[in-house]
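Taking it in order: structure first as structure tokens, then the write-up.
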Amino acid sequence: MNTERILLTRAGAERLRVELKRLKRTDRPQVIAAIAEARAHGDLSENAEYHAAKEQQGLIEARIRELESNLSAAEVIDPATLGGDKVVFGARVELFDEQQGGEVTYQLVGNLEADLDQGRISIRSPIGRALVGKSAGDEIEVDAPAGKRIYEILKISYG
């Protein structure tokens, strides 16, 4: 049994609930209908539509189980209730990237909701681990795949 804590922000938990609802109310019925239609075409041994729909059904059911398991075990934290001057889970951190000469903003989230394109990084990522416990004005050094990166923490906010 996995005893690792599953941390989610309130917004991340809601995104997973919306996906679960869509899978159960829309995707699952559609694939069941596709299976029934393909089954009506006769010989299932050579029916590519049937096999594709059954495979899709398996993927949907696996994702539903995964989401239900993760949501039932999740510790949901509302960043709006947090505060302070140190970086913790849920914090939105504005950084100055000294190599690139520009600013970046990240929110520290759990692994399940990390999405770099959306500015959400895992608290367990190298940058996330380096940020935890730091304050505005601190510098952090991160070993990235492209080499060492140095960031200055400009601002920490919650909510």
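The values are calculated or read from the model by the stated rules, or taken from the named source; none is laboratory data. Note that the structure is predicted; figures quoted are calculated from it, not measured. Cβ sites come from the backbone with ideal geometry, for glycine too, and all protein chains shown count toward neighbours. These accessible areas exclude ligands, DNA and RNA; they are computed on the full protein's heavy atoms, side chains included. Shrake-Rupley method; radii C 1.70, N 1.55, O 1.52, S 1.80 Å.
The table below lists the values:
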{"item": "The range 1-14 residues that are within 11 Å of Asn70 (Cα to Cα) and at pLDDT 90 or above, paired with ones that are buried (at least 16 other Cβ atoms within 10 Å of the Cβ) and of a type in the set (D, E, K, R) (beta carbon under 7 Å, 6 or more apart)", "result": "Leu8/Glu113"}
{"item": "Of the criteria (1) crowded, with 17+ Cβ neighbours inside 10 Å; (2) out of contact with any strand residue (DSSP E or B) (no Cβ under 7 Å at 6 or more places or on another chain), which one Ala33 fails", "result": "(1)"}
{"item": "Options Ser125, Ser72; residue that is within 29 Å of Thr9 (Cα to Cα), open to solvent by less than 60 Å² (accessible area, probe 1.4 Å) and free of Cβ contacts under 8 Å to residues at least 24 places away in the same chain", "result": "Ser125"}
{"item": "Val109 vs. criteria of a type in the set (A, V, I, L, M) and either touching a helix residue (DSSP H, G or I) at 6+ places or on another chain (Cβ under 9 Å) or open to solvent by 60 Å² or more (accessible area, probe 1.4 Å) (or both)", "result": "yes"}
{"item": "Residue ID - farthest from Gly90 (Cα to Cα), chosen from residues in the range 134-156 that are assigned to a loop (DSSP other than H, G, I, E, B) and open to solvent by less than 100 Å² (accessible area, probe 1.4 Å)", "result": "Ala146"}
{"item": "Among the residues listed as Glu141, Glu94, Glu98, the single one being at pLDDT 95 or above and in contact with a strand residue (DSSP E or B) (Cβ under 9 Å, 6 or more places away or on another chain)", "result": "Glu94"}
{"item": "So Ala52, is it at pLDDT 85 or above, among the hydrophobic types (A, V, I, L, M, F, W, C) and touching an Asp or Glu at 6+ places or on another chain (Cβ under 8 Å)", "result": "no"}
{"item": "Check on Asp115, charged (D, E, K, R) and surrounded by 13 or more Cβ atoms within 10 Å (Cβ to Cβ)", "result": "yes"}
